[in-house]
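Reviewing the structure listed below.
Read-outs throughout are calculated quantities, based only on the coordinates presented, and are distinct from any laboratory measurement. Computed from a prediction, not measured in an experiment: that's the story for all the values here. Please note: Cβ atoms are built from the backbone with ideal geometry, for glycine as well, and neighbour counts cover all protein chains shown.
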Amino acid sequence: MELMTHYPYWMAIVLMMTGFYTVMATSNLVKKLIGLSMFQTSVMLFYVSASKVKFGVAPVMTEGATVYSNPLPHVLMLTAIVVGLATLAVGLAIVVRIRGAYGTVEEDEIIALDRDQSSGGRNDE
Amino acid sequence: MTSDFAALPIFLPLLAAPICVILSRFGKTAWVISMMVTWAVAAMCLFSFAEVYASGEPLKYHMGGWAPPIGIELHIDLLAASMLVLVSSIAAITMPYFFRSVNDEIAREQQPFFYAAFLMCLAGLLGIISTHDAFNLYVFLEISSLASYMLIAMGRDRRALAAAFQYLMLGTIGATMILIGIGFLYLTTGTLNMSDIATRIDVLAPNRAIIAAFAFFAIGLVMKVALFPLHVWLPNAYAYAPSAVSPFLAAVGTKVALYAVLRITYSVFGHEFSFGGMHLSLIFTALAVPAILIGSVVAIFETNLKRMLAFSSVAQVGYITLGIGLASQTGLSASLLQIFNHAMTKSALFLALGAMTLRLGSNVTVHNIRGLGKRMPLTAFAFVLAGLGLIGMPFTGGFVSKWYLMKATLDGGWWLLTILIAISSIFAVIYIWRVVEAMYFGRLSAQSETIREAPPSMLVPIWLLTFCVILLGFFGNEAVEISQRIADQLMPSPSLPDPFSFDPPILNGEMP
């Protein structure tokens, strides 16, 4: 059952593609950001599942444990979580400003508004 | 050789960024701090360049005293040192310009945050250049990208917000792709230090994981470089960003990503694997040719001048990747020259447009700059000179780099590419000429009667950069010598038999 031993990787791929699809298919900017977060989270799952050592415990000093999982990918993913959080925060802040400036968070409506603006004012003011 | 000057240029702006925000109540403190920091950083980068150039040895710094491969290493070779000088000196030269431009375009209470974001962006870019650790590269990439999303979103046109959001989406997807690539590399080699990865990849027979890592890196970096067809974020982002930021981002944003491409292909995967095994030449050439043509043609028909220059950037990125894709030493040094030349010309051009934006009070278009040649003679003339550099006229830096690029294509016998470069240079003549025609031969409208020349704090940076463009044309030999030394270091073996031969080894089930 090779399929089952690779279970976490399959889940990472499913998560990643779900996130990627959400980014591309939805028009709502907030939903796009949710998709983007899923996309980033799948990479964290990938790193953490790859760092698992057979019979290894979590990489924290424990009584009686001799085999530990690889701690380095865990540490890298702590940084990646911070990066993902910062991206989400900046993205949501921009969405709030977009809502204020355009009155909508739907991408197709924003594109339509932009097109009206540039074809209405020839001078691109 | 270990030196603290390798680490200080990254930490100084990182430390100064929060100070800008904390001291925001004291008038212009943020600008004064940024000014001091950028000039100090530029001085340190020049110093380390002089050191590396004289000794021929890279500068190294071990973060926290941990020796590599366990600790993070900063590693500044000649390529990194010259990129550091480019990025930090453009930041330092444009900083006096910020004073008027930022006052004009950014709300007073936002200004400290603006300077903080700019310093973070600078720190991130310098970090990408200096670091020798693959994961560190990703972190610095995200620091600089997040800061530049903020900077772009501060543009006063509401389209700046939409552009920043689009850039955030594509940029994050690109960076995440790079993160996956780093993951694959770490899982196969067990190390994150770049030279360590490189030696272990050489020993390992190339396997699917390494090929997958290369593919993820390629997609992520091409997104960051804004190579066609992944350039969609660039035109709006540069066009609607505040006038003070566009010159800096246009000059060094994509250039640092190109530096990352060179680092990853040459220092991590190695020349033979990237160009021999993975057919990077075919990929880069196939993407660079439409980038050059489409970027130039769209620029001709664009009325918003900042967007016009942004599309011209798409074409220029095409030239640079074309040179890298030729996989020869001449091609590589032509690309390096083009990186430097384009950074200086584009920032001078964007600075000139920013000065016109200040005086006109709105976005600069072909229509509203009519007659500005008489009202703002110095700014307009700098635009013309830098425009000549962009076209590649003799006695400008552009001529040297284009000459070498054409020479590289002829050396390889790809004369169709030589013709392509010539044709797109003619396109460049057309879109620069439209501006010149409007500025010098257009009729002055009644409202522009009151327009005065740009203030000295703006003229000095514009002319300093324009002067650099001309200087590069006269001191072409020195620039060529440095770029050839870098190309020698990156590509010790002369060149591959035929980088354009295509036999797909992966499809046959065997590994390259």
Q. Simple spin-label model, 7 Å along Cα-to-Cβ: B:ILE426 to A:MET17 in nm?
A. 4.8
(Q) I'd like the Karplus ³J(HN,Hα) series for region B:220-232: coefficients 6.51, -1.76, 1.60, θ = phi - 60°, whole numbers in Hz, and an x wherever there's a Gly or Pro. (A) x, 6, 4, 4, 5, 6, 6, 7, 3, x, 9, 9, 4
Q. Looking at the square roots a ≥ b ≥ c of the eigenvalues of the Cα gyration tensor of region B:92-168, which shape do they give, rounded for a/c under 1.5, prolate if a/b is larger than b/c, or oblate?
A. oblate
Q: Check cross-link reach from B:LYS306 to the lysines: straight Cα distance under 26 Å, and skip same-chain residues fewer than eight apart.
A: B:LYS224, B:LYS255, B:LYS346, B:LYS374, B:LYS402
**Q.** Computed magnitude of the charge dipole of region B:279-512 (debye, nearest 20; Cβ of K, R +1, Cβ of D, E -1)
**A.** 1120
Q) How high is the relative contact order of chain B, in percent, counting Cα pairs under 8 Å that sit 6 or more residues apart? A) 14
Q | Segment B:ASN477-B:TRP66, length gained on full extension (0.36 nm per residue, minus Cα span) | A | 143.9 nm
Q.
Using a 7 Å offset from the Cα along the Cα-to-Cβ direction at both B:GLU57 and B:ASP4, what is the distance between the two label points in nm, to one decimal?
A. 1.9
Q. Which of B:GLY181, B:ASN368, B:ILE19 sits closest to the plus end of the dipole of chain B, meaning its Cα is farthest towards the positive end, when Lys and Arg get +1 and Asp and Glu get -1 on the C-beta?
A. B:ASN368
(Q) Just to check I understand the Karplus step: with θ = phi - 60° and J = 6.51 cos²θ - 1.76 cosθ + 1.60, what whole-Hz values come out for region B:267-284, glycine and proline as x? (A) 8, 9, 7, x, 4, 5, 5, 5, 9, x, x, 9, 6, 5, 4, 5, 4, 5
**Q.** Cβ-defined net charge surrounding B:THR418, 14 Å radius [Lys, Arg +1; Asp, Glu -1]
**A.** +1
Q. Residue-wise, which Karplus ³J(HN,Hα) couplings in Hz belong to region B:128-140, taking 6.51 cos²θ - 1.76 cosθ + 1.60, θ = phi - 60°, and x for glycine or proline?
A. 4, 5, 7, 6, 10, 10, 5, 6, 4, 4, 4, 5, 5
Q: State the Cα centre-to-centre distance between region A:54-82 and region B:48-78 in whole Å.
A: 30
Q) Amide H neighbours of A:ASN28 under 5 Å, counting only residues 5+ apart in sequence or on other chains, H built in-plane at 1.01 Å? A) A:GLU107
Q | Förster radius 30 Å - calculated FRET efficiency between B:VAL460 and A:ALA93 (Cβ-Cβ, nearest 0.05) | A | 0.30
Q. Does region A:1-67 come out rounded, prolate or oblate, given a ≥ b ≥ c as the square roots of the eigenvalues of its C-alpha gyration tensor, rounded meaning a/c under 1.5 and, failing that, prolate meaning a/b above b/c?
A. oblate
Q) How far, in nm, would the chain grow between A:THR79 and A:MET24 when pulled straight, counting 0.36 nm per residue and subtracting the alpha carbon separation? A) 17.2 nm
Q | Computed [θ] at 222 nm, deg cm²/dmol, chain B (DSSP H ≥ 4; -39,500 (n - 2.57); rounded to nearest 500) | A | -24000 deg cm²/dmol
Q. Amide H neighbours of B:MET393 under 5 Å, counting only residues 5+ apart in sequence or on other chains, H built in-plane at 1.01 Å?
A. B:PHE399
Q. Based on the Cβ-Cβ distance from A:ALA112 to A:ILE34, what FRET efficiency comes out when R0 is 41 Å, to the nearest 0.05?
A. 0.95
Q | Pairwise FRET efficiency - B:ILE419 versus B:TYR440, Cβ, R0 = 35 Å, nearest 0.05 | A | 0.65
Q: Taking H placed 1.01 Å from N in the peptide plane, check which residues at least 5 places from B:THR365 or on another chain put their amide H under 5 Å from its amide H.
A: B:LEU305
Q) Most exposed first by the Cβ proxy, i.e. fewest other Cβ within 10 Å, how do B:SER89, B:SER148, A:SER37 rank? A) A:SER37, B:SER89, B:SER148
Q: At 0.36 nm per residue, minus the direct Cα-Cα distance, what do B:ARG156 and B:ALA107 gain on full extension? Give it in nm, one decimal, please.
A: 16.7 nm
**Q.** A:VAL53 paired with A:TYR7, simple spin-label distance in nm, labels 7 Å along Cα-to-beta-carbon
**A.** 2.3
Q. Which is the longest stretch in chain B that no exposed loop site breaks, taking sites as chymotrypsin sites (Phe, Trp or Tyr not before Pro) with a DSSP loop state and at most 10 other Cβ atoms within 10 Å?
A. B:27-501
Q: Summarise the long-distance tail of P(r) for chain B by giving the % of C-alpha pairs beyond 43 Å.
A: 12
